[in-house]
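I have placed the structure first, in the form of structure tokens, so that the comments after it can refer back to it.
Each reported figure results from applying straightforward, stated rules to the coordinates on display, with no laboratory input. As the structure is a computational prediction, the values presented were derived from the model and not from experiment. Cβ sites come from the backbone with ideal geometry, for glycine too, and all protein chains shown count toward neighbours.
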Amino acid sequence: MIDTFAQLAHGMAVALQPLNLLYALIGVFLGTAVGVLPGIGPALTVALLLPVTYKLDPGGSLIMFAGIYYGGMYGGSTTAILINTPGESASMATALEGNKMAKAGRGGPALATAAIGSFVAGTIATIGLAFLAPWLVDFAVRFGPEDYFALMCVAFVTVSATFGDSPIRGLTSLFIGLTLGLIGIDKLTGQARLAFGIPELLDGVEVTTLAVGLFAVGEALYVASRRHHAEEKLEPVRGSLWMTREDWKRSWKPWLRGTMFGFPIGALPAGGAEIPTFLSYSTEKRLTKHPEEFGKGAIEGVAGPEAANNASAAGTLVPLLTLGLPTSATAAMMLAGFQQYGLNPGPLLFAERPDLVWGLIASLFIANVMLLVLNLPLVGLWVRLLAIPQPWLYAGILAFATMGTIAAKPSVVELSMLAGFGVMGFLMRRFDYPIAPVVVGLILGPIAESQLRRALQISLGDPLTLVQSPISATLLAIALIALVAPFVLKGLGRFKANED
Amino acid sequence: MTDRAPGDPSPRRVDRAGLVIAFALAVLAVVLVFDAFRLPPGAMYGVGPGAMPLVVAVGLGLLAIGNLIDALRGNMPPRESADPKPVLLILGGLALLIAIIGFGGGFILATSALFVATSAAFGRRALLIDAAIALVLSTLIFLAFDKLLTLSLPTGPLERLL
């Protein structure tokens, strides 16, 4: 307990250095500016802005990342409220009520409750992170390679199968990611796999190339392909930006309840912020004193899900920082950010580089405060960004997306891969396959494989080692249940439907 | 979820795109198996580099079957019509970008080509104006990243003038 405070104070001392404050400010600003663009979610925001941090030292870059992370989240909710295009499924609930509020001329209070709710939730969740992390680290140092492997199996299953619309589609995405993760030189034996004699493939598939291809290029292609359907409409922010007494009264409880949903679910390796946001939405709908407003712009329906969304974003940092386990596409991009400096999040990083880890956690607090102070006054600027005509917007997004790849590796092969992943992202959107599992599969697949092989080397090739450790046996059982459950539940659902 | 309620009059039709997806997954599995058998066996203890590809291949094979069943039952989620023209236009822009970078045309020309192609795909017809905007914008990006952040972007005839 005391230790956490001391570490956090140390982290604050790192984060409050003028240069680091400037990095956090740039991160928050860029994160919001990019995140506010329609169709760009937090994961893509982080991926697009990775090149900006290439030349910084790891500490400064991670602090900028913290700002980009929260800024991207906030930008996404602004878009959801003002043009009803949730950049990601976690903003869907916000779009549901928020856009209706904006249409009714209450866009200001909707943005305000989203911003303040995000701040409240982000702050509470970051405190949760600071206290939970050391405890989990103590636990995680006892993990052997077989336990890590089992933990990753849990993450694979929950990210792809358990909570998606269709387990088959989710698992298909995951296995495409795992396949991509196999490409390149095997780290243990130096053998080239799936490289087909192309030297550029020996290094493996770059996570940023995959993410930018799937998210940016794929999204641009998808939106272009269905441009003939409907134009999205930007709702102007009319009237007062400020929340009335009544708005405050109706918002504070949903903020806290949303946080209670978001943080634990985000912190469990369960992946995604969709579940907590929808749980929060349906809870608020049930508890509200104004049920007639739901579906027509109820402020509770923005306050709760937004808080849940932000709290779960901070929650996903718990497994990421303590176990090196990304459970969302955004967390996978954060992990890529660590890896570009050869840093591997986990118990070891807490021991070896406490300044980095605690500096990052402290920066999350600071980024939250900056967002609160910056966003409402700057809302006019964000709205103007939203008003960029679609052709220039997507042309600009693609120009920036390819620039990241060109700056990292200006090769024809790498750029062709970017285009190829773009086509893949387009097809996955068109045929409704989830995208996050591909990214998680690519980044986690090779780690899971090396843990498994290390475990088997230690046990002299005896696969029973996977079930002999109580931790790994439990985790594997959870993974199995999480894998089978959706199929069983679906079967039950069908059974019920037949009963009627 | 995508299951239709029993008694729904709409007939379940085989989804052809779904068949192609299932087939592609099966092909990917076969490629993985071939590549894995090309690798030498692992060390004395534990598993070699070929084990994981085989596991992934088995998974892909099973998923190919799962996707095949969904496609045959017509269980794919519904989708709206798509216009192929803008998609091809953007891909053409990307191809142009890759070609210009490949032949040493430099960042500014390459990015401008992609910009104009994309904005045309989204319905803009004022190509000359867009080309001018693209050139100015990509020059600014080039200057910001090359000079300010000292990231090296590929140079061509235009960049050498700066």
Could you please state, rounded to a whole Å, how far the C-alpha centre of the stretch A:409-462 is from the C-alpha centre of the stretch A:326-377?
23 Å
Helix B:51-73: inclination vs chain B longest Cα principal axis, degrees, rounded to 10, gives 80 degrees
Going by C-beta contacts inside 10 Å, put A:LEU456, A:LEU111, A:LEU349 in order with the fewest on the left.
A:LEU349, A:LEU456, A:LEU111
Counting partner chain Cβ atoms within 10 Å of every residue's Cβ in A:443-456, what's the average?
2
How many nm separate the modelled label positions at B:GLU80 and A:GLN17, each set 7 Å beyond the Cα in the direction of the Cβ?
5.1 nm
The helix A:145-157 Cα axis meets the longest alpha-carbon principal axis of chain A at an angle in degrees, between 0 and 90 and rounded to 10, of 40 degrees
If you fit an axis through the alpha-carbon atoms of helix B:107-121 and take the longest principal axis of the Cα set of chain B, what angle between them do you get, 0 to 90°, nearest 10?
60 degrees
Pairs of alpha-carbon atoms within less than 8 angstrom and 6+ residues apart define the contacts here; what relative contact order does the stretch B:16-73 have, in percent?
52 percent
Rounded to the nearest 500, what is the 222 nm mean residue ellipticity of chain A from helices alone, with -39500 (n - 2.57) per DSSP H run of 4+ residues and division by all residues?
-24000 deg cm²/dmol
Just tell me which aspartates and glutamates come within less than 13 Å, Cα to Cα, of A:LYS490; anything on the same chain fewer than 8 places away is out.
A:ASP165, B:ASP3
The residues A:TYR281, A:TYR74, A:TYR54, sorted from fewest to most surrounding Cβ atoms within 10 Å, come out as A:TYR54, A:TYR281, A:TYR74
Just order A:100-108, A:304-312, A:392-400, A:407-415 by mean Cβ neighbour count inside 10 Å, highest at the front, would you?
A:304-312, A:392-400, A:100-108, A:407-415
Taking a ≥ b ≥ c as the square roots of the eigenvalues of the Cα gyration tensor, with a/c under 1.5 meaning rounded and otherwise prolate when a/b exceeds b/c and oblate if not, the stretch A:132-261 is oblate
At the level of C-alpha centres, the distance separating the stretch A:1-42 and the stretch A:378-399, in angstrom, is 24 Å
Per residue of A:212-223, count partner chain C-beta atoms within 10 Å of its C-beta, then hand back the mean as an integer.
2
Could you work out the mean count of beta carbons from other protein chains within 10 Å of each residue's beta carbon in B:150-160?
2
Cα centroid distance between the stretch B:37-108 and the stretch A:243-273, in Å?
38 Å
Which lysines have a Cα less than 18 Å from the Cα of A:LYS289, not counting those fewer than 8 places away in the same chain?
A:LYS249, A:LYS253
What are the residues whose amide H is under 5 Å from the amide H of A:ARG193, where those residues sit 5 or more places off or on another chain and H is modelled from the backbone?
A:GLY184, A:ILE185, A:ASP186
Where Lys and Arg each count +1 and Asp and Glu each count -1, what net charge lies around A:LEU466 among other residues with Cβ under 11 Å from its Cβ?
-3
Would you list A:HIS228, A:HIS290 from fewest to most Cβ contacts within 10 Å?
A:HIS290, A:HIS228
Could you give the nm distance between label points at A:LEU460 and B:LEU143, where each point is 7 Å from its Cα heading toward the beta carbon?
7.0 nm
Given axes a ≥ b ≥ c from the Cα gyration tensor, I'd like to know whether chain B is rounded (a/c under 1.5), prolate (a/b larger than b/c) or oblate.
oblate
Could you work out the per residue convex hull volume over the alpha carbons of the protein assembly as shown, in cubic angstrom?
162 Å³
